[in-house]
Every structure is written in structure tokens, then in C-alpha cells.
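**Student:** Below you will find the structure I want to go over with you.
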Amino acid sequence: MRLRVICPFFLLIICVAPASALDNGLAKTPPMGWNSWNKFACNVSDRLIRETADAMVSSGMKDAGYQYVVIDDCWQVKRNPDGTIVADPERFPNGIKALADYVHSKGLQFGIYSDAGRQTCEGRPGAHGHEFQDAFTYASWGVDYLKLDWCHAEGQNSLESYSLMRDALKAAGRPIVFSLCEWGSTKPWQWAKDVGNLWRATGDIQNCWDCQEQKSDGLGVVHILDLMDGLEYAAGPGHWNDPDMLEVGNGKLTPDEARAHFGMWCMLAAPLISGNDLRQMDADTVAILTNKEVIAIDQDPLGKQASRVRKEGDKEVWARELAGGNRAAALLNRAATPQEITVKWEDIGYPAHLSAALHDVWRHKDLGTLTGSFTAIVAPHAAVIVTVKP
Ligand code: GLA
């Protein structure tokens with residue numbers, strides 16, 4: 001904008017060229033990692049992050065593709081007189097750089113959180129007015145991922161604010177995945193492709209299947225699904241719709257609900273950011289979070305987010321195209337009783353006469369070759385997910 005003002009007329013064409021693209025070459029498939037918020041909120045520390053990095057490796061999550069260990073809100077306490085952001089000295093006595101070095105020593109990547117407004121949602125210093133200074137600080141600490149929230153940003157324009165941080169990160173010279181978090185409030189799917197690698201498309205997830213009432217801005221798993229349908233056109237390699245972090249392993253979803261939550265996030269090509277205590281996981285939680293066939297759908301190189309192709313009350317079919325002309329289909333039962341659900345080939349873009357090999361990705365089981373449709377009895381609050389290969 002500043003350039004435009006001082007531009008002589010003959011340079012106008014160069015000066016009003018569109019805002020530069022993100023173009024950081026990152027997140028070609030949806031980012032996978034862990035974030036402290038869902039389980040720990042403000043209770044973050046150097047020790048928690050180190051132990052989480054250790055657990056990401058020892059649990060098999062790293063092998064399954066998880067990379068980013070991200071500290072959410074509350075790591076920062078103030079700014080120095082020169083404006084430099086300061087980490088909580090009690091909770092992070094070694095400083096953030098030493099912590100990032102430790103995470104890197106495990107073969108993992110390190111992420112951090114800030115806010116585009118004047119303060120974070122928990123009242124810590126925000127990035128507003130310090131975008132370039134913070135980007136250079138983060139780069140010097142070895143940060144690989146930045147989540148930028150949208151609290152206390154009254155009067156700011158989201159496209160301008162997030163573009164400013166994108167440009168700051170670019171200037172700082174370190175490849176940093178840029179995660180936008182304005183909760184879908186200004187329709188980022190319409191403008192954020194050139195700004196961030198992922199953008200929250202909804203309000204905060206709640207740890208429940210279909211509750212809505214506990215917190216006015218929180219959403220159960222199925223309400224988030226409803227908001228994601230229709231946004232699939234905006235997702236692709238390097239730029240993803242983000243339906244928020246996972247609640248798998250946080251103790252409230254039943255095993256079927258947790259599988260459905262995780263499986264549907266994979267159908268949506270969602271960032272897979274676990275939000276539980278990785279140091280204490282039961283076998284079900286590990287099995288869900290590390291199911292390689294389900295994760296392979298999420299990480300499919302085509303990067304096509306699923307859409308809802310059929311809805312009959314609580315019975316839904318979601319489908320997405322996979323590389324090689326194959327499909328993944330999810331038969332989702334939102335009801336509290338078992339339901340018979342059918343996916344027809346015409347729902348997923350195949351002619352009815354086509355024969356295709358079906359494979360159940362949760363059970364790792366071939367279901368044989370079928371023509372025209374596939375029907376399953378789906379348990380309450382569960383999703384059967386199959387790949388369909390002609
Ligand atoms: C907002 C975000 C959450 C989390 C909190 C932290 O609510 O949407 O994901 O980062 O702030 O305060």
C-alpha cells in the first residue's frame with residue numbers, strides 16, 4: 001500500500017501488482033502434529049513440550065507421520081523495552097530456542113502460537129505492531145510453524161493483518177508453516193490460499209459428538225462437519241481448510257466416535273493436529289491416531305477434501321477422489337442406533353456398471369469386488385471408511 005502511494009504513474013502497473021503469494025513450498029499434504037491447547041490450555045511448560053516430543057517418537061506417532069510439536073497460548077508473558085517478545089521464565093527457564101533445539105534433536109519440528117491482534121485470547125502480548133520483529137525472533141529460535149489467532153483484533157482487517165505476518169515470515173527467511181486462526185469469521189476459504197498454509201474454518205472444537213450448548217462458540221464433531229461441507233473447492237496442496245485440532249484421546253468420545261472423528265478429519269484432508277496427552281495414551285487412542293491406512297487418505301497427494309454426497313437424515317455418505325482415479329468413501333451414522341447405509345457408485349463419480357475392489361481402512365480388510373454400490377450396517381455415531389479401486 002505504501003508503495004502505491006509514492007508510485008509515479010508510469011510505474012503504476014508494477015506497483016499495483018497483486019499481493020504476493022504465500023509460496024513457501026510447505027504443507028503439500030495436510031500438516032500433522034500436536035498442539036497443547038485442547039488438553040493443557042495455559043498449563044504449558046518446557047517439560048511438557050520435551051516429554052511430548054519424546055512421546056511422539058516412542059508412541060509411533062512420528063513414524064505414522066506426525067511432525068510438528070506446537071505450543072499454543074500462554075508461553076509468552078511480556079515484551080522487553082525493545083519490543084522483543086519474552087517467554088514465561090518460570091515455565092520455560094531454558095528459553096524457547098533451547099526447547100526448539102530439543103524438539104529438532106528428536107527429528108521433529110517446532111511450532112508456536114501468537115495472535116494477530118493486540119493480545120492473545122488469554123491476554124498475553126499479541127503480534128499487532130510487532131509482526132516483523134516477532135517473525136525474526138521466531139526464525140532465530142528455529143520455529144517451523146506459527147499459529148496466529150484473532151482475539152483482540154477489533155478494527156483490523158483479516159486479509160491485511162494475516163498478509164502482513166506472511167510477508168514478515170517471508171522476510172525472516174526461515175520456512176515456517178503459517179496457520180491462520182480467525183475461526184472462519186471472515187470466510188478465509190475465499191482469500192487465504194495466498195496467505196497461509198491452513199486456516200481455521202470454524203469455531204473451536206468441543207470434546208463431544210454433537211453438543212453445542214456448553215460454550216457459545218464451541219462446536220461438537222458433527223457440527224464442524226456440517227460447516228466443512230461446501231468448502232472443499234478451497235483446499236489443496238499447500239493450503240488447507242482446518243476444522244480444528246483433534247479430541248481423540250481426551251476421554252469423552254466413545255471409541256466409535258473417536259474413530260469417526262479422526263476418520264472424517266482424514267476424509268476432509270484436515271490438518272491432523274492431535275490435542276491429547278501423548279505421554280499417557282491407551283491402546284485404542286494410539287491405534288486410532290496411528291492407523292496408517294486412514295492417515296494415507298488424509299495425506300493423499302491429490303489433496304482433495306471430501307464433500308457430502310448423500311444425506312438421508314442421520315445417514316450420510318462423504319466421498320473424495322484419491323490419486324490414481326480411486327475414491328475414498330465414508331458411511332457416517334450420526335444416529336444413536338445402528339443404520340444401514342449405502343454408497344452408490346453414481347454418488348462418487350463412477351458409472352454403475354463398474355466393478356471396483358473395496359477395502360475397509362479401519363479394519364485393514366479387503367471386502368471383495370463389487371459393482372454399483374456398497375452397503376454396510378454402521379454402528380451408532382460411527383463411520384465405515386472404504387477405499388474404492390476400479
Ligand atoms: C482460540 C483458538 C484456540 C486456542 C485458544 C487459545 O480460542 O481458536 O484454538 O488457540 O484461542 O487461547
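The values are calculated or read from the model by the stated rules, or taken from the named source; none is laboratory data. Remember, predicted model here, so these are calculated numbers, not experimental data. Every residue, glycine among them, receives a Cβ derived from its backbone with ideal geometry; neighbour counts consider all protein chains shown. Please note that ligands, DNA and RNA were not included when accessible areas were found on the heavy atoms of the full protein model with its side chains. Shrake-Rupley method; radii C 1.70, N 1.55, O 1.52, S 1.80 Å.
**Student:** For the range 264-294, what are the residues that are open to solvent by 10 Å² or more (accessible area, probe 1.4 Å), assigned to a helix (DSSP H, G or I) and of a type in the set (A, V, I, L, M, F, W, C)?
**Tutor:** Ala283, Val286, Ala287
**Student:** Turning to a different aspect of this structure: Counting only residues that are at pLDDT 95 or above and open to solvent by 60 Å² or more (accessible area, probe 1.4 Å), give me the helices (runs of 4 or more DSSP H) lying completely in the range 1-67 with at least 1 of them.
**Tutor:** 37-40, 46-58, 61-64
**Student:** So, in the range 308-339, exactly how many residues are open to solvent by less than 30 Å² (accessible area, probe 1.4 Å) and either in the same structural domain as Trp240 (by TED's automatic domain parsing) or of a type in the set (D, E, K, R) (or both)?
**Tutor:** Residues flagged as open to solvent by less than 30 Å² (accessible area, probe 1.4 Å) and either in the same structural domain as Trp240 (by TED's automatic domain parsing) or of a type in the set (D, E, K, R) (or both) within the range 308-339 amount to 2.
**Student:** Considering only residues of the range 80-94 that are out of contact with any helix residue (DSSP H, G or I) (no Cβ under 6 Å at 6 or more places or on another chain) and farther than 22 Å from Phe178 by Cα, which is most open to solvent (accessible area, probe 1.4 Å)?
**Tutor:** This residue is Glu90.
**Student:** Another question, if that's okay. Between residues in the range 227-256 that are more than 19 Å from Lys147 (Cα to Cα) and residues that are within 16 Å of the ligand (Cβ to nearest atom) and open to solvent by 40 Å² or more (accessible area, probe 1.4 Å), which pairs lie under 8 Å by C-beta distance while being six or more apart or on different chains?
**Tutor:** From residues that are more than 19 Å from Lys147 (Cα to Cα), the pairs are Asn250/Lys39.
**Student:** Go through the range 136-155 and report how many residues are away from the ligand (no atom under 16 Å from the Cβ) and either at pLDDT below 95 or over 21 Å from Gly95 (Cβ atoms) (or both).
**Tutor:** Of the residues in that region, 1 qualify.
**Student:** Restricting attention to the range 36-51, which residues are within 9 Å of the ligand (Cβ to nearest atom) and among the hydrophobic types (A, V, I, L, M, F, W, C)?
**Tutor:** Once the filter is applied, which keeps residues that are within 9 Å of the ligand (Cβ to nearest atom) and among the hydrophobic types (A, V, I, L, M, F, W, C), the range 36-51 yields Trp37, Ala41, Cys42.
**Student:** For the range 101-127, give me each residue that is touching a Lys or Arg at 6+ places or on another chain (Cβ under 9 Å), of a type in the set (Ser, Thr, Tyr) and either more than 11 Å from the ligand (Cβ to nearest atom) or not in a strand (DSSP E or B) (or both).
**Tutor:** Tyr102
**Student:** Follow-up question, since we're still on this one. With the requirement that a residue be open to solvent by 10 Å² or more (accessible area, probe 1.4 Å) and under 24 Å from the mean Cα position of the chain (by Cα), what does the range 126-136 give you?
**Tutor:** Those that are open to solvent by 10 Å² or more (accessible area, probe 1.4 Å) and under 24 Å from the mean Cα position of the chain (by Cα): His128, Glu131.
**Student:** Counting only residues that are in a loop (DSSP other than H, G, I, E, B), more than 15 Å from the ligand (Cβ to nearest atom) and either of a type outside the set (D, E, K, R) or more than 18 Å from Leu331 (Cα to Cα) (or both), how many does the range 223-249 have?
**Tutor:** Going through the range 223-249 one residue at a time, the tally reaches 7.
**Student:** Kindly check whether there is at least one residue in the range 184-197 that is more than 19 Å from Gly111 (Cα to Cα), away from the ligand (no atom under 16 Å from the Cβ) and small (Gly, Ala, Ser).
**Tutor:** no
**Student:** Could you list all residues from the range 148-163 that are touching a strand residue (DSSP E or B) at 6+ places or on another chain (Cβ under 7 Å) and open to solvent by less than 20 Å² (accessible area, probe 1.4 Å)?
**Tutor:** Leu148, Asp149, Tyr162
**Student:** Look at Lys252 and say whether it is away from the ligand (no atom under 16 Å from the Cβ), in the same structural domain as Leu148 (by TED's automatic domain parsing), within 23 Å of Gln67 (Cα to Cα) and open to solvent by 10 Å² or more (accessible area, probe 1.4 Å).
**Tutor:** Here the answer is no, as Lys252 does not meet what is asked.
**Student:** Of the residues Asp229, Asp167, Asp194, only one is under 20 Å from Lys311 (Cα atoms), charged (D, E, K, R) and open to solvent by 30 Å² or more (accessible area, probe 1.4 Å); which?
**Tutor:** On inspection, the qualifying residue turns out to be Asp229.
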